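Visitor: The following block contains the structure, expressed as structure tokens.
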Amino acid sequence: MSYFERHVFFCLNRREDGAACCTDHGAEAMFEYTKKKIKSLDLNGKGKIRINRAGCFDRCGEGPLLVIYPEAVWYTFIDQQDLDEIIQSHLVNGVEVPRLKV
């Protein structure tokens with residue numbers, strides 16, 4: 001059994017050359033929001049969910065992005081409502097959110 005049931009990785013790469021990246025689309029703030037939301041729902045910790053920072057996913061044109069493992073489901077998002085939907089549907093209920101998948 002894995003230490004965590006699921007890992008959620010947010011691309012938080014910032015490109016030095018000015019090229020488009022996930023952080024241009026508020027990924028850092030959305031990462032912080034998700035981390036706090038998971039803690040407030042008591043979904044963090046051993047056997048539960050871990051929210052992690054990640055470097056570049058090399059899919060910058062599709063960003064901002066997060067990926068959930070072990071399912072390896074990739075999502076894009078615009079705002080907190082999108083993240084709330086991913087949390088409730090995928091992380092709590094185990095149902096993917098097709099409209100946000102990439």
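Visitor: What is the gain in length, in nm to one decimal, between residue 7 and residue 93 on full extension, counting 0.36 nm per residue of separation less the C-alpha to C-alpha distance?
Guide: That pair, residue 7 and residue 93, stretches by 29.4 nm at full extension.
Visitor: Under the Cβ-under-4.7 Å rule, which cysteines of the chain stay unpaired?
Guide: Here 21, 56, 60 come out as lacking a disulfide-compatible partner, given the Cβ-Cβ threshold of under 4.7 Å.
Visitor: Please work out the Kirkwood hydrodynamic radius for the chain, using every pair of different C-alpha atoms, and report it in angstroms with one decimal place.
Guide: The Cα-based Kirkwood calculation yields 13.6 Å.
Visitor: Using 0.36 nm per residue of separation minus the Cα-Cα distance, give me the extension gain between residue 44 and residue 58 in nm, one decimal.
Guide: Contour length minus Cα-Cα distance gives 2.3 nm.
Visitor: Over segment 1-73, what percent of the accessible surface lies on carbon and sulfur atoms, probe 1.4 Å?
Guide: 50 percent
Visitor: Count the DSSP beta bridges whose two residues both fall in the chain, then state the antiparallel fraction as a percent rounded to the nearest 5.
Guide: Expressed as a percentage, antiparallel bridges in the chain total about 55.
Visitor: Same structure again: At a probe size of 1.4 Å, how large is the accessible area of residue 78, to the nearest 10 Å²?
Guide: Rounded to the nearest 10, that gives 130 Å².
The values are calculated or read from the model by the stated rules, or taken from the named source; none is laboratory data. Since the model is a prediction, treat every value here as computed from it, not as a measurement. No Cβ is skipped: glycine too gets one built from the backbone with ideal geometry, and neighbour counts run over all protein chains shown. All accessible areas refer to the heavy atoms of the entire protein, side chains included, with ligands and DNA or RNA removed. Shrake-Rupley method; radii C 1.70, N 1.55, O 1.52, S 1.80 Å.
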